[in-house]
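Chemist: Pasting a structure below so you can have a look.
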Amino acid sequence: MRAANKVLTEKDAVIETFCLIRDSAVDTSALEQERTELTDELNIVTGLIQDGIYQNAHVARNQADYNKEYETLTARYEKAKSRLDDVEAEIHDKNSRRKSIEHYLELLEERKDAVTEYES
């Protein structure tokens, strides 16, 4: 209870500090930009794969060359997809942390009196 009451006595400073943390630690703008770029990359590679499949079906070509090209493109796709999954997970994590911080700040703002007993 002492710790909770200490936070309440320094409520304004705590709120200001948490706002700074919230704004810098859980900023997702760079990640969202990267997500857009990765999505664009996936669309480009998907188009290249589809074009290669179409060309292979309609034009006689060396199958070893086609397979090498196809494997290169699928590896490129998988690399971008894996990174996109990581970026989306990080965005989700930061958004969850942001919501937790904001909820804590709302509760702290609403609290006017000292804590005299534990609440459940």
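Chemist: Using the per-residue mean of other Cβ atoms lying within 10 Å as a proxy for protection, in what order, highest first, do the peptides 82-92, 57-67, 15-25 fall?
Modeler: Working: 82-92: 14.1, 57-67: 9.4, 15-25: 12.5.
With the highest mean Cβ count within 10 Å placed first, the list reads 82-92, 15-25, 57-67.
Chemist: Under 19 Å between alpha carbons, and skipping anything fewer than 8 positions from K68 in its own chain: which aspartates and glutamates qualify?
Modeler: In chain and number order, the partners are D51, E78.
Chemist: Taking 35 Å as R0, compute the FRET efficiency from the Cβ-Cβ separation of E110 and S29 and round it to 0.05. Show your work: numbers first, answer last.
Modeler: Values: r = 29 Å, r/R0 = 0.84.
After rounding to 0.05, the efficiency reads 0.75.
Chemist: Running Debye on the range 2-110 with equal point scatterers at the Cα sites and no solvent, what base-10 log of I(q)/I(0) appears at q = 0.16, 0.19 Å⁻¹?
Modeler: Computed log10 I(q)/I(0) values: -0.80, -0.94.
Chemist: At 7 Å along the Cα-to-beta-carbon direction for both R76 and I91, put a label point, then send me their distance in nm to one decimal.
Modeler: Between R76 and I91, the simple spin-label model gives 2.3 nm.
Chemist: Identify all aspartates and glutamates with a Cα-Cα distance to K94 below 13 Å; exclude those on the same chain that are fewer than 8 residues away in sequence.
Modeler: D23, D27, E32, D86, E102
Chemist: Shifting gears a bit: Please state the charge dipole magnitude for the range 2-110, taken about the Cα centre, from unit charges on C-beta atoms (+1 on K and R, -1 on D and E), reported in debye and rounded to the nearest 20. Working shown, then result.
Modeler: Values: 15 positive and 24 negative charges, 63 e Å.
With only Lys, Arg, Asp and Glu charged at Cβ, the dipole is about 300 debye.
All of the numbers you see were taken from the coordinates with simple rules; none came from a lab. This structure is a prediction, so every number in the text was calculated from the model and none was measured. Don't worry about glycine lacking a Cβ; one is built from the backbone with ideal geometry, like all the others, and counts go over all protein chains shown.
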